[in-house]
Structure formats: structure tokens, C-alpha cells
Amino acid sequence: MQKISCSALLVGLACLCCWVAMTEANLPGEHRKLKKKNYMAYKDPKQPIETRITDLMDRMTLEEKVAQMAQLDRSSITEELMKKDNIGSVLNGGENLPRVGVTATQDIEMINKFQNWSLQSRLGIPIMYGIDAIHGHNNVYKATLFPHNVGLGVTRDPDLMKRIGAATALEVKATGIHYAFSPCVAVCRDPRWGRCYESFSEDPTTVRKMTEIVAGLQGEVPDSQKGNPYIGGKDKVAGCAKHYVGDGGTIKGINENNTAIDWKDLLKIHMPGYFDSIDKGVCSIMVSYSSLNGVKMHANHDLVTNYLKNSLKFKGFVISDWQGLDKITYPFHSNYTYSVLASVSAGVDMFMLPFNYTEYHDIVLDLHSKQLIPDSRIDDAVSRILRVKFLMGLFENPMADYNYVDQLGCQAHRDLAREAVRKSLVLLKNGKQPNKPFLPLPKKANRILVAGTHANNLGYQCGGWSITWQGVSGNNNTVGTTILGGIISAVYATTEVVHSLNPDPNFVKSSNFDYAIVAVGEPPYAESRGDNSNLTIPEPGPSIITNICNQVKCVVILVSGRPLVIEPYLPMMEALVAAWLPGTEGQGVADVLFGDHGFTGKLARTWFKRVDQLPMNIGDKNYDPLFPFGFGITTQPHMSYLKSASVGRKSKTRRLLLLCNMVLLSYQIFGFFCP
């Protein structure tokens, strides 16, 4: 047989390729179009994301693009709407939340039902499902609820924030959700604001440190991709920095009010948290209900388009707040056409319009037909939304799976939350006399009293944005440990723990208590309902402090979303602890009270004397606080605890040495018989 040379073979292959190319070129025009049409680059994960975005947008109608810009409450979703219009996003709204007892599996089934409908639309663009995850997966039964941001800022611990972000992402994924409206990077400058507990600090430097939660939620962005939206894997979720910008600086702390500030101070105080969030790859930014120097942020073209998108080069999408369009004008929802035009033109990309999609849809199409909303503005919005969806891997893996179900409320996350509680507590007073500290408390006592409105109320210690929008009262709405439960677990079995919400002072005096622990504070609230111009402890809190602390040595644990007027009661107390809103793991309070761990927290907020001093922040000219920013008494763990921990470590070390010796001996024996 004659051999074929390599060169001849290569020539033959080249000729064949040319023939194929010529044949392709001579195909009828309609056949070539059909072949190109059948290949959908946007469905090809091997293609660059920008190529996929361009390909998909070339195929979309104007109506489909407008639908991608809408986020609807789940109660408004129908099969027909999802298949016909291909809505861009769905969310769990404030009061439309999973019920007590609903499992993670049931949530996944609900979300997958919506996703299935979406995939049956003409182009099959998957939905992005969002939820508030403000301090853990806080809308969901059995989820781990971490301390609110007002407490986490006290820790000054970016690594803790990253771990909390990662744990939150896993619990959000456990219910099939992949978009969290977190973190809040507001800089609360006035504690009268009802959302102050959503802020890490009055200090922008502290807030910047805590943006490390973005890396936990979304993954650690590689250096080569810094400043671009980023999702680091299937166990991560898209985050949302909010509320852009200046929401924590409104006049008198009134929610959704006007922030009057010059450009220099805006950049110095309220903007830095966004610099860091963008640098860490945050996928979306939510605009604030508030105004900046009289201009509603939902309609602020200079701040949203010119500065955020053009100057800061933010490549993710900008989302409105809940019914943010309706609040541009007063009264609510008046002149809605103007509001839609103003917000779309300002640069908002996705609109959280839970109940009136059809109205929004028709208005946008009408404004477009009148050339008031150009194609370029709609394309900018849709390309940003699609970019994040591609980054999330929704086109490859649109359906939620069950791989993370066991992460919801798991022990590892509860242990992390307990650690966060310990680190978030601030000891403000410790002993009536110098050099005679009252804390840590002895675990071994004959009889102790635990009292107050917040001692045995899981809902109260979680605060607002917990199970429901405004929060709840009682212990039956989710799973966790109350402060009382933590105390009972911590003390000796022989110590009698007497619990009474508001005991009579004569009973307290005659009962021979070794000491009392009093937990009082604010009931739960959220947003405008939390605005408070007097900031006093609600009754019966002051009465409980007076009735108990005048009769027996006491430590007061203040459970609140902000500093409150406390100076009149200080002389009665042996010790005062600011516990903020600790979440579901009340055992963390007991860990520090009884000295298993020391107090380490330092105030991330100035503690005022009187409300007429407000607003008052670190660096102000007439700074005269009760407790200054950064104040906090530190304590050391009990020696007995350190000793037991040391013994535990020593025993582990001995076991390791024994194991190593056994391995070495085995090796020597094996070597003797098998040289």
C-alpha cells in the first residue's frame, strides 16, 4: 500500500475546509438565517457575558425589556403573567412572608414553580428572586438571626462580618432564594431615626470596615475583577448596598425626610460605604426614599447616573425601594406618570412595584412612544440586570436545588451568631464603687431574680425585620434562645432562678436574692414607625428598674435599636449592658455576664445625655456625651473558665501526642518485620 505523506494529507484537509466554506456561502439566504437563528449565543455559557447580553437583547421586544425592569411581589404573580411577559424579578414583600412552620423545601417548591413559568416564556429568561436578609435570613421560620447592624458595628470585626455574610448566603440559598437586599451601609447620624439599628455606626470609617459582609454574601472578588459585580459560586447570593444615599442624615432623624448637606460632607460621611461595596463587587444598589437637598433620590439623575454610574463606574443595576415610585410625589401615587418618567430618566434600572405592574408597563411604553424615554435608557437598564443574572449562573442553573436545606438554622450558624452577640455587647457601667466590679456574675448562687419585659421574649430581642416587617412579640414565631434561657443554662443546677416580668418591690426586698438581672428596652419596630423624638425607655421598663434595683444589687441589660435616655437610672444600677438587638442567640448574653468570655465591645454610636443634644456625633464642636463614641469597659473571662478551657486544650494535646506515638511505634514495628 502506498503511503500518504503528511504534507499531502494537510493539503487535502485544507481543500476540504475551503469546499465547506464555499458550500456554506452558496446556501440559500433563508437557510443561512435559520441556521444563525437556531444558535442562541445567550444560552451558550462558553461565550463572554457581554456577548450573551448583546445577543439576548437583540432578540428582545420592547415589551420584554420593560418587563425585565419590573420586580413584583410574589402575591401578584400568575402563570399567565410570567409566561407572557417574562417578568424580571420577584420578591417576598414586607408582610407577605413565609408562615410559621413552612419548611425550606416548601419555599424552594414555590420559587421553582415561578421559575418554571418564567422559563416557558418566549425567550426563557429566568427570574431573580429577592428577599430582605438584614440580619440573617430574617423573614424565615427557624433561620439564624444575627444581631442587628447597630450591634455588629460595635465589634469592629470585618472577619466576623464576612463569616456572617457567608452564613446568611447559605441560609438564603437553603430556601431557594438568590438575591438579598443587604447590606445597609447607611451612616445613622441621629438615633431618633427609626432605621438607626440598620446602620453599623455614625462613623463612616466603621461602616467601611463592615462592608466586608459583601465578600461573605457574594464571595471574595479577585483583584482582576474589583469594582465589577461578582458572584463567587453556587453557595453565594447577589447583594444590595442601600439606601443610596444620605438616608441616615435626614433632618431630625425623620424617616424618608430630607438630608441637607454639602457635596464635601456627603462624600466624607455618607458615600464611603458605597465606595467599598462597589470595590468588593456588590451586584446592586438600592436608592433611598429620602431626598438630598430637596431632590428625591428616586429621581436624582445627578447622583444615580452622573455620579454612581458614570463617575464611580458602577456596572451592577440600581433598584428602587418598595413602591419607591409612588413616594416621589405627594400624596402617595399621585402623578404616577411623572414619577415613572423621573425615576427611569434618573437611572433606576429595576422597579420594586409589587402590585401595579400593568400600570407601570403601560406608562413606560407610552412615554417611549412619545420619545420621552429613549431606547438607550431602557437598554442600559436591561443590560445591567442581565449582566447580574448571567453572573449568578441563572441561565445554566435556573432551578433552586435542595443542597443547602440543612444550612437553615444549623448549629454552626447559631454558634457564629452567639459569638457575634458576645462581641456586640457594650459594658457601660460595672460597679458603683471604683475597683469593685460587679461583673462577671457568679454562676453559683442561692437565688437570683431575672426580670423585665425583654428577659423572656425572643421577638423583642430580635427587633424589627424579624419574621415580619415590624417584628413580633413572644417565643412562638421562630426558634432560638431567650436571655432567660441563656441564664438558666449558664448558672449552676443548684442556683434557683426566679423569673418575674415586673415583680412587686416588697417581694424583691423580702426574697433574699443574691442579685437581679433586669432586661428592658424597646418593643420591635421598623422604618417610620420607629421614629422617636423622645427616646425614653417605654413603660414598664423604668418602673421595673426602680422597683428592683432599689431593693437588690442589679445589672440592667438594655435591649434597643439605639441609645436611649438612661442617665436618671444609672445611680440605681450596679452594672449596665447595652445589648442592642441580639437576635435569636440569647445565650451569648449569658456567656459574657457570667464571665465565660470578657466584654470587648466599644460604642459605635455616641450615647447622648438628653435628646435636646441631638444630633450629636463624634467630632462635633459641642460634643458632650454621657458615653463617648468608642467607650466600653473591658473584662477578662473567669479564671475558672480559662482553666477549664486550658485543661481541655491540654487533654486534646495529650491525645494528639499519644496518637503520634502510636503511629510512630507502628511504623517502627512495620519496619522491623518488613525491612
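Tabulated data
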{"item": "Total residues in segment 557-593, condition over 19 Å from residue 488 (Cβ atoms), open to solvent by 10 Å² or more (accessible area, probe 1.4 Å) and not aliphatic (A, V, I, L, M)", "result": "5"}
{"item": "Pair list, Cβ < 8 Å and 6+ apart or interchain, from segment 323-335 residues that are over 13 Å from residue 353 (Cβ atoms) to residues that are in a loop (DSSP other than H, G, I, E, B) and open to solvent by 60 Å² or more (accessible area, probe 1.4 Å)", "result": "329/335"}
{"item": "Segment 536-556 residues that are over 28 Å from residue 612 (Cβ atoms) and open to solvent by less than 10 Å² (accessible area, probe 1.4 Å), paired with ones that are of a type in the set (Asp, Glu) and at pLDDT 95 or above (beta carbon under 8 Å, 6 or more apart)", "result": "554/574; 555/574"}
{"item": "Test: residue in segment 251-272 that is among the hydrophobic types (A, V, I, L, M, F, W, C) and within 27 Å of residue 397 (Cα to Cα)", "result": "no"}
{"item": "Filter pass, residue 319 being within 24 Å of residue 267 (Cα to Cα), of a type in the set (Val, Ile, Thr) and in contact (Cβ under 8 Å) with a residue 12 or more places away in the chain", "result": "yes"}
{"item": "Pick from segment 146-180, criterion among the basic types (Lys, Arg) and assigned to a helix (DSSP H, G or I), ranking: most open to solvent (accessible area, probe 1.4 Å)", "result": "163"}
{"item": "The listed residue being modelled with pLDDT of 95 or more, over 23 Å from the mean Cα position of the chain (by Cα) and within 22 Å of residue 48 (Cα to Cα), out of 313, 370", "result": "313"}
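The values are calculated or read from the model by the stated rules, or taken from the named source; none is laboratory data. Owing to the predicted nature of the structure, the values given are computational and were not obtained by experimental measurement. In this analysis, Cβ positions are derived from the backbone assuming ideal geometry, glycine residues included, and neighbour counts consider all displayed protein chains. Accessible surface is based on the protein model in full, side chains and every heavy atom, while ligands, DNA and RNA are left aside. Shrake-Rupley method; radii C 1.70, N 1.55, O 1.52, S 1.80 Å.
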